[in-house]
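Structure record follows, encoded as structure tokens.
The values are calculated or read from the model by the stated rules, or taken from the named source; none is laboratory data. Values in this document were obtained by computation on a predicted structure and should not be read as measured data. FYI the Cβ positions are ideal-geometry reconstructions off the backbone, even for glycines, and counts take in every protein chain you see.
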Amino acid sequence: MNWIQNKSVDLPLRDRFLNYMSGDQLVKQLQGVINAVMIPIIALGIFLVLWSAGAKNVQTSLGQLPGPDKVWEQVQTLYGEHQEARSKEQAFYDRMQIRVDKAIAAGKPQERIDKIKSRRYTGSPTFIDQIITSLITVATGFLIGSMIAIPIGIICGMSPTIYRAFNPIIQIFRPVSPLAWLPLVTMVVSAVYVSQDPMFDKSFLNSAITVTLCCLWPTVINTTVGVSGVDKDLINVSRVLRLNWVTKTIKIILPASVPMIFTGLRLFCQGSGK
């Protein structure tokens, strides 16, 4: 009996793989593949078919509603424009490099060479460039807002007095729409951010600060709720162990409130998507 068991353990890798893929194991593997891959693909295909069929029957004042084929054609057109713009940009910098090489060969002053090198391509941003800029702007505002909101939420959740002080401010600004924040932020940035050689464009700052203000409130609220809802037994243990404020926050408060913190971040992401 032991000899048989040892032989089964010492089977070659190929035989063990075949045994694993046979019978019930193969059925489970196929079911997992179907659930993870095939069902989403089938659902996406049904959606595209319904979209294509419905678009043909919808006529607007601007023409027929675009179907998937028209959208795909437009995507290809926009990508072609992006490639063409990048080619023009590369050609521009190649010409600038030729001028720099000629200036160096002619012994021109360094100031003249630096002036040629400082010239930048001024073509209009393409659709893909604008998408990348938007993603960078939203990510910047999201990170800044998270770095501000999470500490404030932790403090409010650990101190009822501070929470009562902040709560009116949170309730006032929480419902404010991004469309209301944007002109206010634009006026403040235009008045305060005055520089001959700015590090960031004002448009980038306006958008990033607006995203930050929209990210603050759901993250603060959910972090506060998560921190205030930490199990009292854990808090009592920290008191028994005489943990200081920083250690208690890192070892107990943060791990217990992480789910609610991520809920606040997710709510912002859903709101920004809309």
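Side notes on the structure shown:
- Residue match in the stretch 196-204 (condition: in contact (Cβ under 8 Å) with a residue 12 or more places away in the chain and of a type in the set (Asp, Glu)): no
Results for (1) part of a loop (DSSP other than H, G, I, E, B); (2) more than 27 Å from the chain's Cα centre (by Cα); (3) surrounded by 14 or more Cβ atoms within 10 Å (Cβ to Cβ), shown as yes or no for each residue.
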residue	(1), (2), (3)
THR133	no, no, yes
ILE136	no, no, no
THR140	no, no, yes
GLY145	no, no, yes
ILE154	no, no, yes
THR161	no, yes, no
PRO175	yes, no, no
PRO198	yes, no, no
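- If the condition is being touching a residue at least 24 places away in the same chain (Cβ under 8 Å), under 30 Å from ALA55 (Cα atoms) and of a type outside the set (D, E, K, R), then the stretch 71-122 contributes LEU78, TYR79, HIS82.
- Residue in the stretch 177-190 that is outside any loop (DSSP other than H, G, I, E, B), at pLDDT below 85 and surrounded by fewer than 14 Cβ atoms within 10 Å (Cβ to Cβ) present: yes
- Qualifying residue in the stretch 244-252 (condition: of a type outside the set (D, E, K, R) and either in contact (Cβ under 8 Å) with a residue 40 or more places away in the chain or in contact with a strand residue (DSSP E or B) (Cβ under 9 Å, 6 or more places away or on another chain) (or both)): yes
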